[in-house]
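Here the structure is laid out as structure tokens; the discussion comes afterwards.
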Amino acid sequence: MKMIPYGRQFIDKDDIDTVRKALKNDLITTGKEVKKFEKLFSKFVGSTHSVSCSSGTSGLLLAYLALGIKKNDVIIMPSINFIASMNMAHFLEAKIFLSDVHPLTGQMQPKDLENCISRNKIKKINTVIIMHNGGVPSDMEGFLNLKRKYKFNIIEDACHALGAKYNYNKRHKVGGCKYSELSVFSFHPVKHITTGEGGMVTTNNKVLFEKLKILRNHGILRKSGFKKFEWSYDIIDSGFNFRLSDIQCALGISQLKKLNLFIKRRRDIAKIYKRKLSSLKEFINFTDDTKEKIAAYHLFIINLNLDKVKISRDELIKRLSKNKILTQVHYIPIFKFSFNKRFFKKKYVFRNATKYFKSSLSIPIYYGLTNKEINYVCETIIKNIK
């Protein structure tokens, strides 16, 4: 048995041929493939605008800047998330508050957000980050009610959720920005589709869209009626080079054609896992609750019932690794990192986030995972837990 990773990309001949063809274009950056990819992406998620960028992390920074976040502006985010949202907020010297999460899903709930606001006596909030952990959509209706009450912006960290829907009976997909100002996606190789590295920011707000484009490209504003070889331009903001190349966008276009197939397979894998691991219902829980029809399954996360399981999560990781099954933990709580401790001087015990962290485990899920490998993963987990 070869090593089974927790996630990996799927690249086929069509992807390779598409990239090879893009390499022959006159422009291999800021060319036609970029605009095409952005247009197709907007069509898929249902947003008015999409802006490609160099990574999900750069997408988060662009989103912050487009909203005008500056020093001491308040941002609230879940304590369970990848560190990128925190790092970019630190970069802008924003005032950051962390919310506790649901102990099973690792997601911030509306009541967690309200508890955070009340506990910290926050008067004015600029932005709240909602993260769809594992690709399972959060309770956006609940957050929308709080958005109206407290008058804040919402950025959806949708890096796990490409292809997910908010509700099974409605057409709205994550990224369509029905509830938010902006949504941010990642095209890292373990995500649903990949451009090697890359990201996308979606919005329905034209003003934000124009800001995103300028900030992505050094703060440059071209003259109205700009022609292909026009040399004159102005710098109207302090921007970055966060562009995604035509080569990468060509790969993204090819991958996007297969996205529905990728999502279907991930949902099928999730169903198999639930069926095969049903004998462990006393020992493990699944974090997607009843949302399997709308989840995108970037990850398949199980939670160990630590009162019943005789081995720790870390010991299970070691045993699975010895059997050539690589797993991962998503995520170490943000407040646990050495660098971040200085920013949270008030002692607060994030009980649910801590419980989730100690019990959660991401097991392999990706398009190329075979049924034979799924069976092997399940058998090995059952053997070690029982």
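The values are calculated or read from the model by the stated rules, or taken from the named source; none is laboratory data. None of these values were measured; they are calculated from a predicted model. Positions of Cβ are generated from backbone atoms using ideal geometry, with glycine treated the same way; all protein chains shown enter the neighbour counts. SASA here: full protein model, heavy atoms, side chains in, ligands and nucleic acids out. Shrake-Rupley method; radii C 1.70, N 1.55, O 1.52, S 1.80 Å.
Results, tabulated for the structure shown:
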| item | result |
| --- | --- |
| Some residue of region 23-31 being touching a residue at least 24 places away in the same chain (Cβ under 8 Å), open to solvent by 30 Å² or more (accessible area, probe 1.4 Å), polar (S, T, N, Q) and in a strand (DSSP E or B) | yes |
| From the options K308, K274, K291, K324, residue that is basic (K, R) and over 16 Å from L104 (Cβ atoms) | K324 |
| Pairs with Cβ under 8 Å, 6+ apart, first in region 176-191 and closer than 26 Å to G68 by Cβ, second open to solvent by 10 Å² or more (accessible area, probe 1.4 Å) and of a type in the set (A, V, I, L, M) | Y179/L144; E181/L67; E181/L208; L182/L67; L182/L208 |
| Residues located in region 32-43, provided they are open to solvent by less than 90 Å² (accessible area, probe 1.4 Å) and either in a loop (DSSP other than H, G, I, E, B) or within 14 Å of S245 (Cβ to Cβ) (or both) | E33, V34, F37, E38 |
| Filter result for S232 (open to solvent by less than 80 Å² (accessible area, probe 1.4 Å), more than 24 Å from the chain's Cα centre (by Cα) and polar (S, T, N, Q)) | yes |
| Qualifying residues in region 123-162 (those that are surrounded by 24 or more Cβ atoms within 10 Å (Cβ to Cβ) and of a type in the set (G, A, S)) - the one nearest to G198 (Cα to Cα) | A158 |
| Leading residue by the ranking (surrounded by the most Cβ atoms within 10 Å (Cβ to Cβ)) among those in region 305-344 that are without any contact (Cβ under 8 Å) to a residue 60 or more places away in the chain and hydrophobic (A, V, I, L, M, F, W, C) | I317 |
| Enumeration of residues in region 345-354 that are open to solvent by less than 70 Å² (accessible area, probe 1.4 Å) and without any contact (Cβ under 8 Å) to a residue 12 or more places away in the chain | none |
| Residue in region 336-355 that is touching a helix residue (DSSP H, G or I) at 6+ places or on another chain (Cβ under 9 Å), in a helix (DSSP H, G or I) and closer than 30 Å to K2 by Cα present | no |
| Residue count, region 102-140 (criterion: in a loop (DSSP other than H, G, I, E, B), in contact with a Pro (Cβ under 9 Å, 6 or more places away or on another chain) and touching a residue at least 40 places away in the same chain (Cβ under 8 Å)) | 1 |
| Complete set of residues in region 238-268 that are among the hydrophobic types (A, V, I, L, M, F, W, C) and either assigned to a helix (DSSP H, G or I) or over 27 Å from I11 (Cα atoms) (or both) | F240, I247, C249, A250, L251, I253, L256, L259, L261, F262, I263 |
| Check on K165, over 24 Å from Y64 (Cβ atoms), in contact with a strand residue (DSSP E or B) (Cβ under 7 Å, 6 or more places away or on another chain), open to solvent by 10 Å² or more (accessible area, probe 1.4 Å) and modelled with pLDDT of 95 or more | yes |
| Residues of region 146-194 that turn out to be in a loop (DSSP other than H, G, I, E, B) and of a type in the set (K, R), as a count | 5 |
| Filtered residue count, region 195-213, keeping only those that are part of a loop (DSSP other than H, G, I, E, B) and either open to solvent by less than 10 Å² (accessible area, probe 1.4 Å) or of a type in the set (F, W, Y) (or both) | 2 |
| Subset of region 1-22 (residues that are part of a helix (DSSP H, G or I) and under 24 Å from the mean Cα position of the chain (by Cα)) | D15 |
| Out of G46, G31, G59, sole residue that is at positive phi and not charged (D, E, K, R) | G46 |
| Members of region 269-304 found to be open to solvent by less than 70 Å² (accessible area, probe 1.4 Å) and in a helix (DSSP H, G or I), listed by number | I269, A270, I272, Y273, K274, S278, S279, L280 |
| Residue check, I374 in a helix (DSSP H, G or I), over 26 Å from the mean Cα position of the chain (by Cα) and at pLDDT 95 or above | no |
| Some residue of region 83-91 being part of a helix (DSSP H, G or I), closer than 20 Å to K211 by Cβ and touching a residue at least 60 places away in the same chain (Cβ under 8 Å) | yes |
